[in-house]
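Below is one structure, written out as structure tokens; the observations come after it.
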Amino acid sequence: MASPTFNTSIQEPPGHNAKLVLPTEDPNTNPTVFNDAMKVRMHVFVDEQKCSAEAEIDSDDTRSWHWVLYATSTGSTRTPAGVIRLVPPPQAPHLVASKSESKSGKQEQHEACIKLTRVAIMPEYRGLGLGRKLVETALEWAAVHGRWRGLILVHAQVDVEQMYARLGFETDESLGRWDEEGIEHVGMYKRVVVH
Ligand SMILES: CC(C)(COP(=O)(O)OP(=O)(O)OC[C@H]1O[C@@H](n2cnc3c(N)ncnc32)[C@H](O)[C@@H]1OP(=O)(O)O)[C@@H](O)C(=O)NCCC(=O)NCCS
């Protein structure tokens, strides 16, 4: 069978009035691309990584840009294979924490930045360079559409810290290490040239 081809679709922010629901819920008036993004997010973060389904849609979803990577094989419909979300500024204040202490009241201050979140590739499509393709797609978009100075933040699961390092992100140890849904995270930054 021929290898699938891949292309991405972008979903603009659904807007604060959008009633976003899990893809299986009825009634469901989610934008189509957002629904496809949620199918990947539910599979990877909820089914595979055991994060809570209730927390999967959060307050950033209505104001974020979403990309879905689709796989198309000859003679078949396209399948959602990957996803990434770009959260525009402002970001929620970051409470600095370390492994050995609970979150302190100290807040990390930084310039306005965008945040890349919910990066996921379906298991059968991993290791093909598609995660890199999605991150680079969002970074290229940010470089020409942002009204900020080019600073990009990720909260990386420690297991994928090396992936982000290979994509040019640097760990900022001053942000500490913290637990989200039972998974240790670090903060990493990259600066892109804004056109
Ligand atoms: C992390 C994830 C998105 C990577 O997707 P992928 O399509 O397999 O990644 P790619 O094939 O594009 O790899 C990109 C680069 O990162 C590296 N890489 C990928 N996964 C890695 C990992 N787990 N650890 C270290 N490096 C990794 C690759 O070697 C590659 O490097 P190169 O381009 O310099 O050769 C995918 O494994 C996934 O969905 N995991 C579960 C969800 C998750 O953990 N998301 C991250 C949330 S912070």
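Among the residues making up segment 108-152, a single one is among the small types (Gly, Ala, Ser) and part of a strand (DSSP E or B): Ala120. The residues listed here are Gly168, Gly187, Gly150; of these, the one that is touching a residue at least 60 places away in the same chain (Cβ under 8 Å) and surrounded by 12 or more Cβ atoms within 10 Å (Cβ to Cβ) is Gly187.
Residues that are under 17 Å from Val44 (Cα atoms) and touching a helix residue (DSSP H, G or I) at 6+ places or on another chain (Cβ under 7 Å) were ranked within segment 125-162; the one that is farthest from the ligand (Cβ to nearest atom) is Ala156.
Name every residue in segment 43-65 that is under 16 Å from Met122 (Cα atoms) and buried (at least 19 other Cβ atoms within 10 Å of the Cβ), in order of residue number. Result: Val44, Phe45. Close Cβ contacts (under 6 Å, 6 or more residues apart or on different chains) running from residues in segment 5-24 that are of a type in the set (A, V, I, L, M) to residues that are surrounded by 16 or more Cβ atoms within 10 Å (Cβ to Cβ) comprise Ile10/Trp67; Ala18/Thr62; Leu20/Asn30; Leu20/Ile57; Leu20/Asp61.
Laboratory data are not the source of any read-out in this text; all were calculated from the coordinates shown. Note that the coordinates shown come from a computational prediction; the quantities given were computed from them, not determined experimentally. Using ideal geometry, Cβ is built from the backbone for each residue, glycine included, and neighbour counts are taken over all protein chains shown.
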